[in-house]
Amino acid sequence: KTVRDTVEGRGERWVVTVLGRGVGGGCVEVVEREGEKRGFDVAGVKVLSDREVYRCVELVLETRRKEYVTLGSVAVDENEIRGAVHGHLAPEGMDVVVQRETAYRRYKRLAVFDLDSTLIQHETIDEIAKFAGKEKEVAAITVRAMNGELDFRQALAERLAMLRGVEKSLLDELVKHISYTPGARRIVRALRTLGCKTAVCSGGFSFLTNHVAADLYLDHAYSNELEIDQDQRMTGKTLGPVVDASKKLAVLRELRDSLYVPAELTLAVDQDQ
């Protein structure tokens, strides 16, 4: 669809949702400016949340009537708009979501969440390392992975090898000390009230994802399974297929297919962009 294809009267509408600390007039100005460049006007602004820590603002962008469009036949999609706005706001620690204003936007039927730094405020493997006194060693491997020296599977294997011999009882104790991300319980409850199926899919470990899934009443849980030996200690290995980025995508698609949910009615939440 192009800007020039817009019918007379009310133009095509997009909704830009901005969430983060310090959301205010400056964010509105960024959305207005980037929308203007692409033939959009701000048709409405609504504050969805005005809490002390995080604020959430929703802006409705509307294409101008054809006689006022000067950009010509320029294809506009959510990735282009989001990329432009996100480039300005991401450095300020803000999340940006761009969606067409349709009936699909408001009522999702499937929501899939990551676990680490998403539903909970921790990175599971780092927490195990802290409890086991291996924090520095595991952190050094994490830095190598962040520098591109290791892929996810390699980094996971090396970090787990560092944790070989950790007692299962330590994992049970760690579960008692997790902290949920503010609002996590509330959003899951709201989605379930609306009839939305919920899931957690994590590159972390089942001892924690299963606990979180049960505590939050999630419908599905997927993660890596730690191998525990007969002495109830970690072997430094996992059982079964590794849950990495490609496996997460496969799980998302499998859930959509099994529940007959189209992509437009699916919500995926992850700490990464």
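Brief remarks follow.
- Accessible area per residue for the chain, computed on protein heavy atoms with a 1.4 Å probe, is 55 Å².
- Residue-by-residue Karplus 3J(HN,Hα) for region 240-246, coefficients 6.51, -1.76, 1.60, Hz, glycine and proline x: x, x, 6, 8, 10, 4, 5
- Amide H within-cut-off set for Val243, under 5 Å, with H built and near neighbours excluded: Asn224
- Computed from backbone phi, the HN-Hα couplings of region 15-31 come to 10, 9, 10, 10, 10, x, 7, x, 5, x, x, x, 5, 4, 4, 4, 5 Hz, rounded to whole numbers (Karplus: 6.51 cos²θ - 1.76 cosθ + 1.60, θ = phi - 60°; Gly and Pro given as x).
- Cα-based reach from Lys176 at 29 Å (exclusive), listing lysines while leaving out same-chain residues under 8 positions away: Lys130, Lys134, Lys136, Lys168, Lys197, Lys237, Lys247, Lys248
- Of all DSSP beta bridges in region 158-254, antiparallel share, percent nearest 5: 50
- Scanning residues 5 or more positions from Arg233 or on other chains, those with amide H under 5 Å from its amide H are Lys168, with H placed 1.01 Å from N in the peptide plane.
- Over the chain: helical MRE at 222 nm, DSSP H runs n ≥ 4 each giving -39500 (n - 2.57), nearest 500: -11500 deg cm²/dmol
- Under the Karplus curve 6.51 cos²θ - 1.76 cosθ + 1.60, θ = phi - 60°, whole-Hz ³J(HN,Hα) for region 93-108, x wherever Gly or Pro sits: x, 10, 9, 10, 10, 10, 9, 5, 7, 9, 5, 5, 5, 8, 10, 7
- For the listed peptides 202-212, 117-127, 81-91, a ranking on the average number of other beta carbons within 10 Å per residue, highest first, reads 202-212, 117-127, 81-91.
- Antiparallel beta bridges, as assigned by DSSP with both residues in the chain, represent about 70 percent of the total such bridges.
- √(5λ) per eigenvalue of the Cα gyration tensor, region 63-222, largest first, Å: 38, 23, 12
- Using a Gaussian network model of the chain in which every pair of alpha carbons under 10 angstrom is joined by a spring, one finds that among Lys37, Lys248, Lys237 the greatest mean-square fluctuation is at Lys37.
- Descending principal axes extents, the chain, alpha-carbon based, whole Å: 75, 37, 35
- Built from the Cα atoms of region 160-273, the convex hull projects on average onto 8.3 nm², one quarter of its surface area.
The values are calculated or read from the model by the stated rules, or taken from the named source; none is laboratory data. As the structure is a computational prediction, the values presented were derived from the model and not from experiment. Cβ sites come from the backbone with ideal geometry, for glycine too, and all protein chains shown count toward neighbours. For accessibility, only protein heavy atoms count, side chains too; no ligands or nucleic acids. Shrake-Rupley method; radii C 1.70, N 1.55, O 1.52, S 1.80 Å.
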